[in-house]
Structure formats: structure tokens, C-alpha cells
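Input: a single structure, listed below in C-alpha cells.
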There are 2 protein chains.
Amino acid sequence: MRGAVIHAPGDVRFETLDDPKILQPTDAIIRTVVTCVCGSDLWPYRGLEPIGDPHPMGHEYVGVVEEAGDEVTSVRPGQLVVGSFATSDNTCANCRNGWQSNCLHREFMSTCQADLVRIPNAEGTLVATEETPGDEFLPGLLAVSDVMGTGWYAALAAEVRPGSTAVVVGDGAVGLCGVIAAKEQGAERIIAMSRHEPRQKLALEFGATDIVTERGEEGVARIKDLTEGIGADSVLECVGTAESMRQALHSARPGGNVGFVGVPHDVTIDAQELFFSHVGLRGGPAPVRRYLPELIDLVLTGRIDPGKVFDLTLPLDQVAEGYQAMDERRAIKTLLKP
Amino acid sequence: MRGAVIHAPGDVRFETLDDPKILQPTDAIIRTVVTCVCGSDLWPYRGLEPIGDPHPMGHEYVGVVEEAGDEVTSVRPGQLVVGSFATSDNTCANCRNGWQSNCLHREFMSTCQADLVRIPNAEGTLVATEETPGDEFLPGLLAVSDVMGTGWYAALAAEVRPGSTAVVVGDGAVGLCGVIAAKEQGAERIIAMSRHEPRQKLALEFGATDIVTERGEEGVARIKDLTEGIGADSVLECVGTAESMRQALHSARPGGNVGFVGVPHDVTIDAQELFFSHVGLRGGPAPVRRYLPELIDLVLTGRIDPGKVFDLTLPLDQVAEGYQAMDERRAIKTLLKP
């Protein structure tokens, strides 16, 4: 089979690789139907994270089960499945608490930009659709496997409530899905912080009521202007830099909440400042598995269409161009078809 | 009148001071019935916080209204009142959200170890008891004005739920009140971290089910032994040091919650570590005003008795000894009677 391999910053190649095999009776092999490039893939691509030896890439996937290990009973060959970027047995203490992305047997997926993918913990990770959905639903289902699930978690972690005001920091695919999530969870006012016109447009289409183009303390001041001077009830931090975290924390009202889903890179939080702000803070890799049934349903009933974040579709063998387009901000998110 | 004045680390004096006056029509003057020394008063007393010019001390109080400004209608002279260490108008946007300790007109009380005290924002700060309660309730009501209100908030911020497991880090008066709060809020298992026998005893009396004497990573390992290996649902951080915060964060299970009420001194949090832990974090000066009616009721009906944290009672003129006894850990908390 063939798949993407990163060799160095800016150097992603499409190569012939060994076919994956069932290694554990809990594994499954899927044939990829759609996969994509994630904003977090750009950290190593941009040289901001060490790469080490050349290795495969990708953690988002919709596929058809090709083969299932002996202990996998919940899905069977031929079914279309969606899974999370983090695998989970769905039975351990953390999974039972709803934190499948902290499963005691978790493995982070990392080989999905390929024709075939081995899914560990397949029983607790994959969810099959009842019927094989039309192709028009594939982008939405693919978004659910990471960015939509992550935006959903960001809104939950930020404790979005009916009638509340939410701010979304970050206009990448996750931030845009965060707008969808805030709307679905009942936010009345949704302020998207974005200075890129196509992303602003999509944010408004997804339910944003206001766009703030200013950044940093200027952006915070704008948010306060829009929120009785005190800040927003909920802030979704969807970037992961020190600047975006500061902006998020300062945009929340006293006693408000920040849900942070951008993997933090060199971010420290001053506990005394957090203390006097009364802001609640929760982050992490989204427990997407917890939300899969609900989000798949929202997509297949047409209630949400997070697939719109894919504004570039390429054959999988052009994966390198998919990275480059996102790196140069020519694309929000690249969908790849084997 | 007379009151406590701190001059330097270890140097608290009882001095003659000017009587307080009504400065704003929203002020009241109360005659102190009981006041006390707070663990946080020990920071400057121990030279761990700058003192600057000599200044009065104290922020906990139960008193009788002596005089009320023209705009104060909720309490009247002669009534016994309890208030928070942070004043609040109880009408601003933050107060309406329940964050009275972040009131837009907040003032932190700081002159309460004295015969007479001026209370700013009296209307929104003071709560009068329906009848004048017996003397036996005074320590409990005094505790409500800070340590019990703070322990209550810690448990709420840590999202204690019926049937859950709570850990309390810190065996000072706030931590001990945190045990009461965790129990009242339904925690089934309450693990108090303490190595001081009288405090362990009181913790058990207040509802702790387990005592852990180990600290740091050893203490964390003990907590994990007691919690299916994953950590506690809720952790109340009631100290404010880097070590206690680390211990608290590491004692919470993935997706658990830490409520932190010890004012953080030189504490920074690594956002990436917090991210991968999925732990929720909220702290701050407790919005005691929000809880006053409920907590006063719990005390006056005898349901809780947080007054037991006072294990030393002195006349107000011996306030210096009150500080010293707490500094030397001869007393958990000193009650002072004018």
C-alpha cells in the first residue's frame, strides 16, 4: 500500500509501505475512504516539533473495515466506520468516566494518510454507520473523527449554555467547528476571532453572530465592548500558543470558562492571575469517542455540516501539496481521497 | 477604638486607632462580636508577603450594626450580621452571575481585628440573622465569613458530586471546612491529606473517610492506591504553594476537577501537562456572599459546626499571641473576642 511519510520540515512524501497487519485480536484493518491533513500536522511540518526518523502521518479517517481481529465484535468487514484520533477500549475506568481520549490503553493514531490503516482497540474505537451513507456525507463524517469532535469538546469544556455568549479563538478547522458546536449547544451570541475573509464567511455560515479581527489585548478590549465590559461566559481556545491562551483567558468573564483544545506549545499559566480571574479551565485531546454516535447522527440528519471546513480536495498521492496549501494558508483543510 | 496593626514580620501590635466613620452612604459600621486570625494573615506575618507601612489586619467578622449609611436598607442598627471578607454591591454584572468576590465595586476587608469596623457596600455584603443566635453559634457564623465559605467554594469548584471521591490538600481551617463541604455536597469518600494528629482527628469528625499522611509524589501514589489507580474525582487545593498545587493536580483523575482556594504564591502551571491530564481547574477568592444564607442556615440548624476549627480563643487585646500560636502551629485557628 502507499501512504504519507514525513522526512523533514516541509518534506512529506507519498511512498510505498508495508501493508498493515492484525497484531492483536483487538485490532482491525480499514481501507481508507477519506482522510485529511490536520492543523496539528503542521507543527512538525513547520519544524516546530521534532520529527526524528521519517515516519507516517495522519490521524483522521473514515474507512471500510477490511479485516477484524478475533475479539472485535462491534464492527465487521464491509461496514463504513468512523473513529477517533485516539483509540480507546471503551471499558477502562477512564473510558467509563467519559474520557476515552485518556483510555488506559490509548494509542494515538498516526498512520492514517494511507490506503490501509491498522486500528488498535477497534471494538471500543470504531463506530459503524447504520447504512452506507452517500458520498456527500463523507467530509462531515471525516470532520467528526477529529476537528468536529474537538470543537464539540471545546464548547463543552467551556461550558457553553443555552443563551450564553461564546468566543472562539482560532479560525482553523477546529475553531470553525467550535462555532458549530457553540451554536448547537445553545450559545446565543458567538464571537469568532478571525482576520481571514474566507474563514470569517464560513464562521458566519456556521452560526457566528460577530467577527472580531483585532488580536491580543486589542481583541480582548473588543470582546469586552461586546459583553457588558466583563467578558464572555465561554471561550474556546483552538490554537495552542501562549498568545492565544492569554487572549482566551482575558476574554472570559469572571467565573467564565475556557475550553482549550489547541495542543499548548510553550504555554505556562500564572496561577495567581487565574485565581483572581475566577475563570475555569479545562483542556485536552477531545474524548471524541464519547460524542461519535451523537455527532454522526447530527451529520447524517443534515443538522450540521462540518465537512465544509474542507476547502481543498486532493487525491491521496498529492498529500504533499495538501500540506503545502495549508501551510501557506491557501486552504483551511485538505481532504485526501485514496 | 483599638485594633491589630502589623509593623513587620512577627510584629503585630494591639493599638489605639481612630474610630471608623461612615464615608459613603453605602457604608455601615459594625461593633465586632467575634473576629479571628486567618491562615492568609500568616503570609505577611512570616515575611512571605511585603508589608509596607504598618497597617491594620483582619478580614473575618461577626458583628452588630452600630450605624448604617443612608442607602443601606437591608440591615439596621442592633442586628447581628455576617459578611464576606470581600465586599460586594450584589447588583453588578459579576454579582448577578454569582461572583460577588469579583464585584465591580469589591473591596477586600482588612481592618476587622478591631472593636469597630467600617463595611463598604454594606447593603450587598452583610446578611443579618433572623434572631440573635446563642453564643454557641458565634464561632460557626464567624467561620462562614471566610474559611467555611471558602471550603464550600473549593468543593463546588472541584465539582464534588453525590457519590464521588474527594481529596483535600491542606489541613488548615479552610481544608478542614473543605471536608465539611465535600460531605454536605455528597462525596462518599473524602481523603484528607494531613500529618498533624489533632487536625486528622477533626477531619475525621467532619466526615473524612481516609487520612493520607504522605506528601508529594508519595502522597499522590497513596491517593491512586485508593482510587482504582486513576486519582480522585475532585481535589480541593487549600494551601497555595507550588508543591500543594502539583500534589492536587496529580491527585485528580483524568477529567477530574481541582478547586484551588489557597492564594497561589509563585505557582505556575504547565498548560501542556494540564492539557493531557484533562483536569478542570477553577480557583479564586470564594464568592462567600453567594453562600451566606445557606451556610448561616446550616450552622444555625446545627447541621454543620465549622466553629470547631477554632481551637484557641483569646481576648482581642492578645491578638499578637493569636498570630504566634498559629505561626508555631500550636493552634489551627485563633478566635478573638473584643
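The values are calculated or read from the model by the stated rules, or taken from the named source; none is laboratory data. None of the values given here were measured: they were computed from a predicted structure. Note that we place each Cβ from the backbone using ideal geometry, even for glycine, and neighbour counts take in every protein chain shown. We work out accessible area using only protein heavy atoms, side chains counted, and drop any ligands, DNA or RNA first. Shrake-Rupley method; radii C 1.70, N 1.55, O 1.52, S 1.80 Å.
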**Item:** Sole residue being among the acidic types (Asp, Glu) and more than 19 Å from the chain's Cα centre (by Cα), chosen from B:297, B:317
**Value:** B:317
**Prompt:** For the range A:28-46, which residues satisfy the criterion of being out of contact with any helix residue (DSSP H, G or I) (no Cβ under 6 Å at 6 or more places or on another chain) and either open to solvent by 30 Å² or more (accessible area, probe 1.4 Å) or under 18 Å from residue A:70 (Cα atoms) (or both)?
**Reply:** A:29, A:30, A:31, A:33, A:39, A:40, A:43, A:46
**Message:** With the structure loaded, tell me whether residue B:286 is within 14 Å of chain A (Cβ to nearest Cβ), closer than 16 Å to residue B:181 by Cα and hydrophobic (A, V, I, L, M, F, W, C) or whether it fails that test.
**Reply:** yes
**Message:** With the requirement that a residue be assigned to a strand (DSSP E or B) and more than 8 Å from chain A (Cβ to nearest Cβ), what does the range B:238-256 give you?
**Reply:** B:252, B:256
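This table checks each residue for (1) touching a residue at least 60 places away in the same chain (Cβ under 8 Å); (2) at positive phi; (3) not assigned by TED's automatic domain parsing to the domain that holds residue A:41.
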residue	(1), (2), (3)
A:131	no, no, no
A:137	yes, no, no
A:141	yes, no, no
A:230	no, no, yes
**Item:** Residue pairs meeting the criteria (Cβ under 7 Å; at least 6 apart or on separate chains; first free of Cβ contacts under 8 Å to residues at least 12 places away in the same chain, in the range B:61-87; second of a type outside the set (Gly, Ala, Ser) and open to solvent by 10 Å² or more (accessible area, probe 1.4 Å))
**Value:** none
**Message:** List the strands (runs of 3 or more DSSP E) inside the range B:266-338, counting only whole elements, that have at least 1 residues being of a type in the set (D, E, K, R).
**Reply:** B:268-270, B:280-283, B:334-337
**Prompt:** Does any residue in the range A:280-309 that is hydroxyl-bearing (Ser, Thr, Tyr) come within less than 7 Å, Cβ to Cβ, of a residue that is in a helix (DSSP H, G or I) and buried (at least 20 other Cβ atoms within 10 Å of the Cβ) six or more places away or on a different chain, and which pairs are these?
**Reply:** A:291/A:149; A:291/A:152
**Message:** Checking the structure you have, find out if any residue of the range A:198-214 is within 23 Å of residue A:98 (Cβ to Cβ) and either in a helix (DSSP H, G or I) or without any contact (Cβ under 8 Å) to a residue 60 or more places away in the chain (or both).
**Reply:** no
**Message:** I want to confirm something. Restricting to the range A:259-276 and keeping residues that are farther than 30 Å from residue A:91 by Cβ and more than 7 Å from chain B (Cβ to nearest Cβ), which single residue is least open to solvent (accessible area, probe 1.4 Å)?
**Reply:** A:265
**Request:** Kindly establish whether residue A:223 is modelled with pLDDT of 95 or more and either part of a helix (DSSP H, G or I) or under 17 Å from residue B:279 (Cα atoms) (or both).
**Result:** yes
**Message:** Would you confirm whether or not the range A:123-143 contains a residue that is more than 14 Å from every other protein chain (Cβ to nearest Cβ), of a type in the set (Asp, Glu) and more than 25 Å from residue A:68 (Cβ to Cβ)?
**Reply:** yes
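Residues are listed down the side, and each one gets a yes or a no for (1) among the polar types (S, T, N, Q); (2) on the phi < 0 side of the Ramachandran plot; (3) out of contact with any Phe, Trp or Tyr (no Cβ under 7 Å at 6 or more places or on another chain):
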residue: A:5; (1), (2), (3): no, yes, yes
residue: A:9; (1), (2), (3): no, yes, no
residue: A:15; (1), (2), (3): no, yes, yes
residue: A:18; (1), (2), (3): no, yes, yes
residue: A:40; (1), (2), (3): yes, yes, yes
residue: A:55; (1), (2), (3): no, yes, yes
residue: A:58; (1), (2), (3): no, no, yes
residue: A:68; (1), (2), (3): no, yes, yes
**Asked** Filtering the range A:8-23 down to residues that are over 24 Å from the mean Cα position of the chain (by Cα) and closer than 20 Å to residue A:41 by Cβ, which residue is surrounded by the fewest Cβ atoms within 10 Å (Cβ to Cβ)?
**Response** A:15
**Request:** May I ask you to verify whether residue B:235 is at pLDDT 95 or above, within 23 Å of residue B:99 (Cβ to Cβ) and within 9 Å of another protein chain (Cβ to nearest Cβ)?
**Result:** no
